[in-house]
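Shown next, in structure tokens, is the structure this report addresses.
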Amino acid sequence: MTLALPSVKVCSWTQDFDAPASLATYVAHGGYQALRRVITEKIPGDDIIAQLKLSALRGRGGAGFPTGLKWSFMPRAFPGDKYIVCNSDEGEPGTFKDRDILRYNPHQLIEGMAIAGYVLGAKVGYNYIHGEIFEIYQIFERALNEAREAGYLGDNLFGTDFSFQLHAHHGYGAYICGEETALLESIEGKKGQPRFKPPFPASFGLYGKPTTINNTETLASVPWIVQHGGQAFLELGKPNNGGPKLFSVSGHVNKPGNYEVRLGTPFSELLEMAGGVRNGHRLKAVIPGGSSAPVLPAGIMMDCTMDFDSIAKAGSMLGSGAVIVMDETVCMVRALERLAYFYFEESCGQCTPCREGTGWMYRVIQRIEHGQGRPEDLDLLNSVAGKIGGHTICALGDAAAMPVQSFLKHFGDEFAYHVEHKRCMV
Amino acid sequence: MATLNIEIDGKPLQVESGDTIMDAANQAGIPIPHFCYHKKLSIAANCRMCLVQVEKAPKPLPACATPVTDGMKVYTRSDYAIQAQKSVMEFLLINHPLDCPICDQGGECTLQDLAVGYGGSSSRYQEIKRVVREKNLGPLIATDMTRCIHCSRCVRFGQEIAGVMELGMAGRGEHTEVMPFLETQVASELSGNVIDLCPVGALTSKPFRYSARTWELSRRPSISPHDSLGSNIEVHVKDNKVMRVLPRENEDVNECWLSDRDRFSYEGLNTAERLTWPMIKQNGQWIETDWQSALQFVADRLKTFAPEDIGALSTPYRTAEELFLLQKLMRGMGSGNVDHRLRHSDFSLDALATGSFWLGMPVTYMSRLNRMLVVGSNLRKDHPLMAHRIRESVRWYGELNLINAHEDEFLGKVNAKRIVPPSQLAAALAGVCIALAELKKQPVPPVAAAYRAHGGLVDDIARRMAASLAGGETRAVFLGNMAQHHPTSAQIHALAQEVAQLAGASFGVLGEAANSVGAMAVGAVPHHGPLRSAAIQGRNAAEMLAGSLKAYLLLAVEAELDTHDPVTALKSIEGAEFVVVMSPYKGKSLDYADVLLPIAPWTETSGTFINTEGRVQGFSAVVRPLGETRPAWKVLRVLGNLLGLAGFDHNDSKDVLRDALGDTPTGNVQAYLCNEISGVAAAPAAPGPGLERVAEVPIYQTDAVVRRSPSLQRTLDAALPVARMHSQLIARLGLTENGRVSVRQTGSALTLKVERDDHLPDNCIRVPCGHPLTAHLGPMFGPITAEPV
């Protein structure tokens, strides 16, 4: 369907067409065939979950949790309402892949969600789209209307007794609403604050009903896997890291943008695709998985391949695949100040360590950046970050702590220099 | 429920599955520090103070929110756990002002207490601290929002207990603030509980502010003297003065809550209006005198009247001992003229009733009812904490049905409601009764059948209520204050009883006041009681106040506020030859009394209240009587001696109670409780051609103490009375909304502001009673006229 093997483009293949987001383009290239086959042939959900497990598709939103396993947690036989929710609340600095899927290939997501609805027994789905990309939300609404009119969404799809309604819901730009339970609260019309887990969404999700939440790219990969089989997807990546993945390369490269490459591709190749470091500068550091992932110095990064396991081994996270490239001109103190401000600003304020700690860290880093640092500040920062991490309801606390800890670990001397000389090293 | 084996701090425990680590630790008596957790509120897990170490868990887990699993090993005091707890404490303190020396919470502050164990001796936080703007939460709750640690207890209390989310968490991150959605007042009648819930000094009591430190206060148990729940309270006393009132936990009565009326009424104890010397009026002049002279004077004068010309009236807010001695005194003199039902207007059940009307069930059952019908009640204002229990039933999928003359927000889901003029409450009830009989294929009870032709409407609403009452497992029919006060109260009672019988429901009367049941049980009514004899006939409150008596003995009665028809009552009392007022306050009685005897409010005497479920709750004095004030039971006892009556030789109030109720600890009160009546003849009445008054006693006008509490009088609930009416009526009468109207009943005309209330029947004008402004209007119900000013 959507691409001729052996291309590695699973989600980004429509970009070169004239009307990439249109239903016509999608259908002309095999779109909605997977959905039709699944529904009309009544393929058992277990078979599809088995294919997902075989494919080693791991969640593309940041945690890298195996999708097949997540789907198997859903009480599919539960008689009441169930929901499938897509997390398109892409708000992490450096991440801009899901918006391109929504912009250029919305129907693949719609098809993926309908298949998910079929497998998981959900008759209703929601796609929660980040509030700051309203234009994208409108594109997706148009795609939804197209799909409804063409009979790919709605009642009795393809003349069967399977019905599936899909709704788009746009947020208002809060980063925290990308946390899955805060996202559910937000859909319910409440203040976007994470829920304590357990209970997990699979048992108590949207409106208290069993709910599966997946990232946009994850769900968009499902039709491909259904069409070509889990093994084919796995072979596009490496063991335990199935398929290709979109990497949002930003920062000091010549050609920033989204690149869909096989998992396991060496970082150096990805950097090459993005045109290399700008102006012939030297690479200094890379945040490989979105702003909450620990930063890695150039030396370590150049030895990594772009997959979950390799980056984890190097001490960071593949996360959502947002690669932030920093060249030698970057002052790491200033970079961290900006990151710390983000987490300070986006903390929901619900639980103590994050509410109080993110502001504390930001203020100390700000002082250092502005030449008012004290020698004891570095230990203090490390200590405060350590006290936030692991003590909060959701992962935002960890996300705020990890950049601080990693910047200090790899670039501590720059911070010490700042404290001592009251100016940048670079 | 399976039993699980777990271990906390090496101590093996067996707990129920579904319990949290906090539950298990509480059972085992292992303290875990916490702020946001509260046993009566939902789990928030946001303070993170209760983080503990759980074996095999990758990070510390909050004890309040983590369910136990079999074989779980928990360490609450390990280095790992303590480090996590200390981390949280450091974060809590960095933006906390640490102004304990000037904080009212100091000494009873959870943050202060836990900081001793988990806080550092100095702060590593060198940045600028957060300052939060104060919020205006009204006259009862003082705020110091900079101290807030965002535990969200107050917010959850509003949502889950008070039923109205008046406080919310606005803003995000460090800028998160607890605030009222509208910068006005927090108006819930249960609002004061957030003061207790607040673990820091962010929300404190405004009336108590800066008046004492917690360690200076003696804590003395007592019982609240206002609504018929009989909330258990702890009175805090300094220098023989009541400084504040807090709830005393009793799961069977008030749980850990207190209504604002119970909590803040104490302010009325310390006002300048207190009567502190016995006084006699001579030649129109009030002269302070001593007790001996005053009582001798009263006894001598009383002896000059024929017993049947003397009437004794009391409010139902006095103790059982006082009420017992009052009726004993009257019956000793040979008169049955004694009553406490000052706001009642239908006494036709007296001949038929065999006991005290009561709740019909323990109070705790009210939290788990499947089907309810409440007739003629201003639930939230009359019974704030019983309304909370009914809300709890509703939250557990119980169905509440209401028949009432107005539609005040209940703050919970209502299955069906019927709003009718007060005169049609009985007819509305008859409609439900008929619908229920038809649904159950039972014969329609005769008392209901008679209403068929007189507005006993069997329509969709009646059928919906009937269907609701036919379902469920636990059902109840309750009568509220309006149903008891109304001239058709006997009809309502009889019909409600039939509905309950048909539904298989429990039938209860929501007690009007703190000692309504007690007053009946000790015989402070003409028709009933241990000392009543057929030989001595008596008159009821309405008859006594209708004007034929020569002498009145008033126990804490403020005739212009406490009676069904204050105009008639005042005229009768003013026209009497001799009026003795026993009261803690001077009040208007200065105008019409001949003798004023200062008696103790509940804080200055021992005594007993019997609540609406028949619970006998004794209490002791918490402070010495003010000035020459004396407990009323002593006054009555001496008066009995001076009148030469037998059986007035009690040594203490316990003697009086034994005399009244028998030797058993709770007396034989249970034997007096009976709602059942038989033999009421149907008396359907069509609505009159004119307008009807709907009156209720405002929540902060129920009794003399509450009326004098300055802070409660500043709340929205104590706003000046207005005339509420339907917009159609406003138009019909040629009035304008928020304009003025002149209303008139039997008394003088009164000009009030017009307020629109489209939930009222369109032939009713709602004007509250029990308020000085409306005291000269007339009876609580019946015809009323209105014209533009």
(message) Restricting to the stretch B:488-522, count the residues that are assigned to a helix (DSSP H, G or I), closer than 14 Å to B:Val432 by Cα, in contact with a strand residue (DSSP E or B) (Cβ under 9 Å, 6 or more places away or on another chain) and small (Gly, Ala, Ser).
(response) 3
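State yes or no: is B:Arg156 closer than 29 Å to B:Leu61 by Cβ, in a loop (DSSP other than H, G, I, E, B) and either open to solvent by less than 50 Å² (accessible area, probe 1.4 Å) or within 14 Å of chain A (Cβ to nearest Cβ) (or both)?
Working: closer than 29 Å to B:Leu61 by Cβ: yes; in a loop (DSSP other than H, G, I, E, B): no; either open to solvent by less than 50 Å² (accessible area, probe 1.4 Å) or within 14 Å of chain A (Cβ to nearest Cβ) (or both): yes.
So B:Arg156 does not fit the description; no.
Just checking, which of B:Leu545, B:Leu555, B:Leu549, B:Leu531 is surrounded by 24 or more Cβ atoms within 10 Å (Cβ to Cβ), among the hydrophobic types (A, V, I, L, M, F, W, C) and over 18 Å from B:Gly770 (Cα atoms)?
Values: B:Leu545 fails: over 18 Å from B:Gly770 (Cα atoms); B:Leu555 fails: over 18 Å from B:Gly770 (Cα atoms); B:Leu531 fails: surrounded by 24 or more Cβ atoms within 10 Å (Cβ to Cβ).
Selected residue: B:Leu549, the only one of B:Leu545, B:Leu555, B:Leu549, B:Leu531 that is surrounded by 24 or more Cβ atoms within 10 Å (Cβ to Cβ), among the hydrophobic types (A, V, I, L, M, F, W, C) and over 18 Å from B:Gly770 (Cα atoms).
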(request) Assess whether B:Leu712 counts as being within 29 Å of B:Ala569 (Cβ to Cβ), touching a Phe, Trp or Tyr at 6+ places or on another chain (Cβ under 6 Å) and not acidic (Asp, Glu). (result) yes
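Going through A:Arg374, A:Arg355, A:Arg367, A:Arg363 one at a time, which residue ends up being facing chain B (nearest Cβ under 9 Å), of a type in the set (Lys, Arg) and crowded, with 24+ Cβ neighbours inside 10 Å? Outline the logic, then answer.
Numbers: A:Arg374 fails: crowded, with 24+ Cβ neighbours inside 10 Å; A:Arg367 fails: crowded, with 24+ Cβ neighbours inside 10 Å; A:Arg363 fails: crowded, with 24+ Cβ neighbours inside 10 Å.
A:Arg355 is the lone residue from the list that is facing chain B (nearest Cβ under 9 Å), of a type in the set (Lys, Arg) and crowded, with 24+ Cβ neighbours inside 10 Å.
Residues of the stretch B:650-661 being buried (at least 18 other Cβ atoms within 10 Å of the Cβ) and not in a loop (DSSP other than H, G, I, E, B), which ones?
Here is the first cut: in the stretch B:650-661, the ones buried (at least 18 other Cβ atoms within 10 Å of the Cβ) are B:650, B:653, B:656-657, B:659-661.
Answer for the stretch B:650-661, where residues must be buried (at least 18 other Cβ atoms within 10 Å of the Cβ) and not in a loop (DSSP other than H, G, I, E, B): B:Ser653, B:Val656, B:Leu657, B:Asp659, B:Ala660, B:Leu661.
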(message) Considering only residues that are closer than 25 Å to A:Gly412 by Cα, assigned to a strand (DSSP E or B) and open to solvent by 10 Å² or more (accessible area, probe 1.4 Å), which ones fall in the stretch A:272-321?
(response) A:Val277, A:Leu283, A:Lys284, A:Pro297
(request) Would you check which residues across the stretch B:119-153 are of a type in the set (Val, Ile, Thr), within 14 Å of chain A (Cβ to nearest Cβ) and touching a residue at least 60 places away in the same chain (Cβ under 8 Å) and list them? (result) B:Ile149
(message) I'd like the residue in the stretch B:36-50 that is in contact with a strand residue (DSSP E or B) (Cβ under 8 Å, 6 or more places away or on another chain) and free of Cβ contacts under 8 Å to residues at least 60 places away in the same chain and, out of all such residues, is farthest from the other protein chains (Cβ to nearest Cβ).
(response) B:Cys50
(request) For the stretch B:207-222, state whether one or more residues are within 14 Å of chain A (Cβ to nearest Cβ) and touching a residue at least 40 places away in the same chain (Cβ under 8 Å). (result) no
(request) Quick one: count up the residues across the stretch B:99-113 that are open to solvent by 30 Å² or more (accessible area, probe 1.4 Å) and either out of contact with any helix residue (DSSP H, G or I) (no Cβ under 9 Å at 6 or more places or on another chain) or within 14 Å of another protein chain (Cβ to nearest Cβ) (or both). (result) 4
(message) I want to confirm something. Restricting to the stretch A:215-258 and keeping residues that are open to solvent by 10 Å² or more (accessible area, probe 1.4 Å) and within 14 Å of the chain's Cα centre (by Cα), which single residue is farthest from A:His130 (Cα to Cα)?
(response) A:Asn258
(message) Name the single residue that is farthest from B:Arg263 (Cα to Cα) among those in the stretch B:160-183 being outside any loop (DSSP other than H, G, I, E, B) and in contact (Cβ under 8 Å) with a residue 40 or more places away in the chain.
(response) B:Glu174
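Residues checked against (1) under 21 Å from B:Ser152 (Cα atoms); (2) out of contact with any Ser or Thr (no Cβ under 9 Å at 6 or more places or on another chain); (3) part of a helix (DSSP H, G or I):
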position: B:Ile6; (1), (2), (3): no, no, no
position: B:Gln14; (1), (2), (3): no, no, no
position: B:Gln27; (1), (2), (3): no, yes, yes
position: B:His38; (1), (2), (3): yes, yes, no
position: B:Met49; (1), (2), (3): yes, no, no
position: B:Lys59; (1), (2), (3): no, yes, no
position: B:Cys64; (1), (2), (3): yes, no, no
position: B:Asp70; (1), (2), (3): no, no, no
position: B:Lys86; (1), (2), (3): yes, yes, yes
(message) Which of the numbered conditions does B:Tyr451 fail, given that it passes all the others? Conditions: (1) at pLDDT below 95; (2) under 30 Å from B:Trp257 (Cβ atoms); (3) of a type in the set (Ser, Thr, Tyr).
(response) (2)
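A quick yes/no check of all residues on (1) within 14 Å of another protein chain (Cβ to nearest Cβ); (2) of a type in the set (D, E, K, R); (3) open to solvent by 40 Å² or more (accessible area, probe 1.4 Å):
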{"position": "B:Val52", "(1), (2), (3)": "yes, no, no"}
{"position": "B:Glu55", "(1), (2), (3)": "no, yes, yes"}
{"position": "B:Pro58", "(1), (2), (3)": "yes, no, yes"}
{"position": "B:Ala63", "(1), (2), (3)": "yes, no, no"}
{"position": "B:Thr66", "(1), (2), (3)": "yes, no, no"}
{"position": "B:Thr69", "(1), (2), (3)": "yes, no, yes"}
{"position": "B:Ser78", "(1), (2), (3)": "no, no, no"}
{"position": "B:Ser87", "(1), (2), (3)": "yes, no, no"}
{"position": "B:Leu93", "(1), (2), (3)": "yes, no, no"}
(request) Only one of these is in contact with a helix residue (DSSP H, G or I) (Cβ under 6 Å, 6 or more places away or on another chain), of a type in the set (A, V, I, L, M, F, W, C) and assigned to a loop (DSSP other than H, G, I, E, B): B:Val186, B:Val200. Name it. (result) B:Val200
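Across the stretch B:451-487, what is the total count of residues that are open to solvent by 50 Å² or more (accessible area, probe 1.4 Å), of a type in the set (A, V, I, L, M) and part of a helix (DSSP H, G or I)?
Keep residues of the stretch B:451-487 that are open to solvent by 50 Å² or more (accessible area, probe 1.4 Å), which gives B:452-454, B:457, B:460-461, B:463-464, B:467, B:473-474, B:487.
Now restrict to residues that are of a type in the set (A, V, I, L, M): B:453, B:457, B:461, B:467.
From the residues that got through so far, the ones that are part of a helix (DSSP H, G or I) too are B:461, B:467.
Final tally of qualifying residues: 2.
Filter the stretch B:423-450 for residues that are assigned to a loop (DSSP other than H, G, I, E, B) and within 14 Å of B:Gln501 (Cα to Cα) and give the result. Give the derivation first.
Step one: filter the stretch B:423-450 for residues assigned to a loop (DSSP other than H, G, I, E, B), giving B:441-445, B:450.
Matches in the stretch B:423-450: B:Lys441, B:Gln442, B:Pro443, B:Val444, B:Pro445.
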(message) Name the residue that is farthest from B:Leu643 (Cα to Cα), counting only residues in the stretch B:331-371 that are of a type outside the set (Ser, Thr, Tyr) and in contact with a Phe, Trp or Tyr (Cβ under 7 Å, 6 or more places away or on another chain).
(response) B:Arg368
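Go through the stretch B:574-586 and give me each residue that's under 29 Å from the mean Cα position of the chain (by Cα) and not polar (S, T, N, Q). Step through it out loud before you land on a result.
Here is the first cut: in the stretch B:574-586, the residues under 29 Å from the mean Cα position of the chain (by Cα) are B:580-586.
The answer is B:Val580, B:Val581, B:Met582, B:Pro584, B:Tyr585, B:Lys586.
For the stretch B:603-649, which residues satisfy the criterion of being within 24 Å of B:Trp277 (Cα to Cα), assigned to a loop (DSSP other than H, G, I, E, B) and of a type outside the set (A, V, I, L, M, F, W, C)? Give the steps one after another, and end with the answer.
Step one: list which residues in the stretch B:603-649 are within 24 Å of B:Trp277 (Cα to Cα), which gives B:603-607, B:620-643, B:648.
Filter once more, so that each one left must be assigned to a loop (DSSP other than H, G, I, E, B): B:605-606, B:620-629, B:631, B:643, B:648.
Within the stretch B:603-649, B:Thr605, B:Ser606, B:Ser620, B:Arg624, B:Pro625, B:Gly627, B:Glu628, B:Thr629, B:Pro631 meet the criteria.
Do any helices (runs of 4 or more DSSP H) entirely within the stretch B:680-789 hold 1 or more residues that are open to solvent by 50 Å² or more (accessible area, probe 1.4 Å) and among the basic types (Lys, Arg), and if so, which? Give the derivation first.
On the way: elements: B:704-707, B:710-713, B:727-732.
The qualifying helices (runs of 4 or more DSSP H) are B:727-732.
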(request) Go over the candidates A:Ser406, A:Ser347, A:Ser383 one by one and state the one that is among the hydroxyl-bearing types (Ser, Thr, Tyr), closer than 22 Å to B:Pro62 by Cβ and under 25 Å from the mean Cα position of the chain (by Cα). (result) A:Ser347
(message) What's the number of the only condition in (1) under 30 Å from A:Pro106 (Cβ atoms); (2) buried (at least 17 other Cβ atoms within 10 Å of the Cβ); (3) acidic (Asp, Glu) that A:Asp327 fails to meet?
(response) (1)
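The values are calculated or read from the model by the stated rules, or taken from the named source; none is laboratory data. Predicted, not measured: the structure shown is a model, and the values here were computed from it. All Cβ positions, even for glycine, are placed from backbone atoms using ideal geometry, and neighbour counts span all protein chains on display. SASA here: full protein model, heavy atoms, side chains in, ligands and nucleic acids out. Shrake-Rupley method; radii C 1.70, N 1.55, O 1.52, S 1.80 Å.
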